[in-house]
Amino acid sequence: MKEMKLAKVFLPAIALMTMALATAPVQSAEKVKIGVAMALFDDVWLTYVRDAMTKWASTHPDVELTIVDAANDTAKQVGQVENFLAQGMDAVVILPVDTAATGPMTKAVVKAGKPLVYVNRQPANLPKGVVYSGSKSIEAGIMNMEELGKAMGGKGNLVILMGELSNEAALGRTDGIKKIVKEKFPDIKITREQTGNWQRVQGKTIMENWLASGQEIDGVASNNDEMALGALQAIKAAGKLGKIPVGGTDGSHDALESMDKGELNNTVFQDPVGQGNEAVNAAYLMVKKEPNPKVVDGVVWIPYQKVTKENYKTFLSK
C-alpha cells in the first residue's frame, strides 16, 4: 500500500519535471569572438577592408567582432593583440603595421592556441596553421608598369613613389615595377625612388620637389593611388598634366574618377571586400573547425585586376 501511495506522489511530480524541462528555453550558443587589430583607421583603402569585415559580421549573428586601431604604432598593436588574448578572443585577425615586426604577435597567438589570420600585408615565414588573406604584391607592380611603360612609349625617365618601407606590399610592388622595366622596357631608366608612406600629401610634396629639381620626368609609378593622386596635383600645378603619365594601385573610387577625367593613366584594382571577407571568414571557420577550401598552403589569394583606359568604367560602376 505504501508503495502505491508513493507512486501516486512521485509519478505526477516526474511528469511535471519532464514538462518543465521540455518547455524550458534552450540556451543560445556562445558567440564566436574575433578580434581584429588594424594597422590604422585613417586610410581610405583600409577603411574599405574594415567596412567589409563589419558587414560580414552583420550577416553572422553568431559572431562578435571587435576591431581596434593601432594608429600605425607597432608597439600599440602588440599590446592590442595581448589584450585580445587576455579577453578570451576565440580568434585574432591582424592587418600589421610592420610586416617585419609581427614575430611577437604571431608567437603569442599561436602559443595561446588561438586561430590567427593576417590580412593585406603578408609577414614572411608564417608558421603552419596561420592563414594569410591578400594579394601577391609583385603582381600589382607588374600590372602597373606594363600599362605605364606603354604610356611612356617604352622610353624615358621613371620615378617611383614607394609605400612604407616596413611593409611587404611596398617592397613587392616596387620589385614588380623594376622587373617589368628590366624585362620589357630597357629604354626606361629609373632615376628616383622615394617613400611617400602611402599618403597623398606626401606624394604631392615629393613630386613638387622632383619637378623643382629640373630633372626630366617622363613617368611616375606609384605603389598606391593616394600617392599617385598627390603626384598628379603637383604635375597639374606645374602645367604638365597630360605630359607625365602616372600609374597607381588600389583601384580606389578617387583614382577611377581621376581616370574618367583623363588624368590618372592607370591603376590596379585590389579587392578590399574580398580580402576583408576572406580574412574574418577564415578565422571563423578555424574556430568552428570547419573546412575552408579557399585556403591553399595557408593562403587565400585575392587576385589583382588591371585597370586601364579601356576597362576602367566597369570598375567605376561597382
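The values are calculated or read from the model by the stated rules, or taken from the named source; none is laboratory data. Computed from a predicted model, the values in this text were never measured in an experiment. Cβ atoms come from the backbone with ideal geometry, glycine included; neighbour counts cover every protein chain shown. Ligands, DNA and RNA are excluded from the accessible area calculation, which covers all protein heavy atoms including side chains. Shrake-Rupley method; radii C 1.70, N 1.55, O 1.52, S 1.80 Å.
Any residue in the stretch 82-97 that's more than 17 Å from V130 (Cβ to Cβ): show its pairings with residues that are in a loop (DSSP other than H, G, I, E, B) at Cβ separation under 8 Å, as long as the two are six or more apart or on different chains.
Listed by first residue and then by second, the contacts come to V97/A39; V97/L40; V97/A70; V97/N72; V97/D73; V97/S166.
Tell me yes or no: at least one residue of the stretch 68-88 is out of contact with any Pro (no Cβ under 9 Å at 6 or more places or on another chain), modelled with pLDDT of 95 or more and surrounded by 23 or more Cβ atoms within 10 Å (Cβ to Cβ).
yes
Only one of these is assigned to a loop (DSSP other than H, G, I, E, B) and touching a Gly at 6+ places or on another chain (Cβ under 9 Å): G153, G129, G149, G141. Name it.
G129
Go through the stretch 140-149 and give me each residue that's in contact with a strand residue (DSSP E or B) (Cβ under 8 Å, 6 or more places away or on another chain) and more than 21 Å from A100 (Cβ to Cβ).
Correct list: M143, N144, M145, E146, E147, L148, G149.
Regarding the stretch 160-169, can at least one residue be identified that is within 19 Å of A124 (Cβ to Cβ), of a type in the set (S, T, Y) and open to solvent by 10 Å² or more (accessible area, probe 1.4 Å)?
yes
Every residue in the stretch 37-67 that is farther than 23 Å from L165 by Cα and part of a strand (DSSP E or B), please.
Result: V63, E64, L65, T66, I67.
For P104, all conditions in the list (1) touching a helix residue (DSSP H, G or I) at 6+ places or on another chain (Cβ under 8 Å); (2) within 17 Å of S133 (Cβ to Cβ) hold save one; what is the number of the exception?
The failed condition is (2).
Among the residues of the stretch 118-139, what is the count of those that are among the small types (G, A, S) and within 20 Å of K289 (Cβ to Cβ)?
Number of matching residues: 2.
Filter the stretch 156-194 for residues that are part of a helix (DSSP H, G or I), out of contact with any Asp or Glu (no Cβ under 7 Å at 6 or more places or on another chain) and among the small types (G, A, S) and give the result.
A169, G172
So which pairs qualify, if the first residue must be in the stretch 208-224 and more than 18 Å from K189 (Cβ to Cβ), the second must be among the aromatic types (F, W, Y) and surrounded by 11 or more Cβ atoms within 10 Å (Cβ to Cβ), the Cβ gap must be under 8 Å, and the two must be at least 6 apart or on different chains?
N223/W198; N224/W45; N224/W198
Please determine, by comparing only the residues of the stretch 106-129 that are farther than 20 Å from R50 by Cα, of a type in the set (A, V, I, L, M) and touching a residue at least 24 places away in the same chain (Cβ under 8 Å), which one is surrounded by the most Cβ atoms within 10 Å (Cβ to Cβ).
Only one residue fits best here, namely V109.
Of all the strands (runs of 3 or more DSSP E) wholly in the stretch 242-318, which have at least 2 residues that are surrounded by fewer than 22 Cβ atoms within 10 Å (Cβ to Cβ) and at positive phi?
none
So which residues in the stretch 209-225 are part of a helix (DSSP H, G or I) and touching a strand residue (DSSP E or B) at 6+ places or on another chain (Cβ under 8 Å), if there are any at all?
W210, D225
Mind checking which residues of the stretch 130-151 are under 17 Å from I217 (Cα atoms), hydrophobic (A, V, I, L, M, F, W, C) and surrounded by fewer than 23 Cβ atoms within 10 Å (Cβ to Cβ)?
If the condition is that a residue be under 17 Å from I217 (Cα atoms), hydrophobic (A, V, I, L, M, F, W, C) and surrounded by fewer than 23 Cβ atoms within 10 Å (Cβ to Cβ), then A151 is the only one that fits.
The conditions are (1) within 22 Å of the chain's Cα centre (by Cα); (2) within 30 Å of G35 (Cα to Cα), and K289 fails exactly one of them. Which is it?
(1)
Taking V9, is it part of a loop (DSSP other than H, G, I, E, B), among the β-branched types (V, I, T) and at pLDDT below 95?
no
Restricting to the stretch 51-86, name every residue that is within 18 Å of K111 (Cα to Cα) and out of contact with any Ser or Thr (no Cβ under 8 Å at 6 or more places or on another chain).
Q77, V78, G79, Q80, V81, E82, N83, L85, A86, listed by residue number.
How many residues, within the stretch 83-126, are part of a helix (DSSP H, G or I) and over 23 Å from A170 (Cα atoms)?
Matching residues across the stretch 83-126 total 9.
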